[in-house]
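The values are calculated or read from the model by the stated rules, or taken from the named source; none is laboratory data. As the structure is a prediction and not an experimental result, all values here were calculated from the model. FYI the Cβ positions are ideal-geometry reconstructions off the backbone, even for glycines, and counts take in every protein chain you see.
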Amino acid sequence: MSIEAAMTTPRDQMVSELAIGDCVWSPCARLGFRRSTIVRVDEHRQSFFVESKDDPDEGQNREVQRADVRLFFDNGPDRTFQDNTDMVHLDDANILDNIQRRYQKDLIYTYTANVLLAVNPYKKLPNLYSEEVMASYRGKNQGTLAPHPFAIADIAYRQLLRDRRNQALVISGESGAGKTETAKKTMHYLTSISRTDQAQGVRFQDKIINANPILEAFGNAST
């Protein structure tokens, strides 16, 4: 099926047309979803029997309910998308696959429309936050350059100047996801682009970072 046809055909219709030999994403206890091949179709088409050749531990001829199957579109082994909304099928399985393949290339940032997704690399990535990179994002529209916190910060700053209204950047995630580091990089960009005195900018940045434990305490108390 062509990209145009895949993007315009309703999902339910495409699922109903799945046949033996077609590739799909099926639930996987270890990875969330696993690329699988349909080997048999239930006579009422309410479930599919699939196998995953690259993961025999998942079992062969597993029955998967129709609602749990995710459509698969072969974009090639090396292609990834800077924005998840550019994919043919926008669902949890395809988003996870795109983010994982980008992560394997040390591309830790991915857009989903105007939301920036980040995966903690747990290592230093050279030149990702250099002064040269920072300068390259100034005045650029989102999508012009690779996904980055600098791009989001620049948009917020320009909207602040244009609309004269307060802006908010929401940085959320699980413990260890990299929220504090992202906040630091964002504040560094904002203090730099606004030509704030460096010492004053550091103090302002530290105040925001130091407020995190207090704000997190309210969230922890509610759970």
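Key figures for this structure:
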read-out: Residue among Ile38, Ile20 that is surrounded by fewer than 17 Cβ atoms within 10 Å (Cβ to Cβ) and at pLDDT 85 or above; value: Ile20
read-out: Residues that are more than 27 Å from Gln104 (Cα to Cα) and surrounded by 12 or more Cβ atoms within 10 Å (Cβ to Cβ), drawn from the range 130-153; value: Arg138
read-out: Every residue from the range 135-171 that is of a type in the set (D, E, K, R) and not in a loop (DSSP other than H, G, I, E, B); value: Asp154, Arg158, Arg162, Asp163
read-out: Subset of the range 135-153 (residues that are modelled with pLDDT under 95, hydrophobic (A, V, I, L, M, F, W, C) and closer than 16 Å to Gln82 by Cβ); value: none
read-out: Residue in the range 85-143 that is nearest to Gly173 (Cα to Cα), counting only those that are among the small types (Gly, Ala, Ser) and in the same structural domain as Leu161 (by TED's automatic domain parsing); value: Ala118
read-out: Matching residues in the range 154-188 - criterion: being of a type in the set (Lys, Arg), in contact (Cβ under 8 Å) with a residue 12 or more places away in the chain and more than 17 Å from Thr110 (Cβ to Cβ); value: Arg158, Lys184
read-out: Any hit, the range 40-53, residues being in a strand (DSSP E or B), free of Cβ contacts under 8 Å to residues at least 60 places away in the same chain and over 22 Å from Arg11 (Cβ atoms); value: yes
read-out: Count of the range 99-129 residues which are among the basic types (Lys, Arg), surrounded by 12 or more Cβ atoms within 10 Å (Cβ to Cβ) and either outside any helix (DSSP H, G or I) or in contact (Cβ under 8 Å) with a residue 24 or more places away in the chain (or both); value: 0
read-out: Only listed residue being at pLDDT 90 or above and either part of a helix (DSSP H, G or I) or of a type outside the set (Gly, Ala, Ser) (or both), chosen from Glu216, Glu132, Glu174, Glu181; value: Glu132
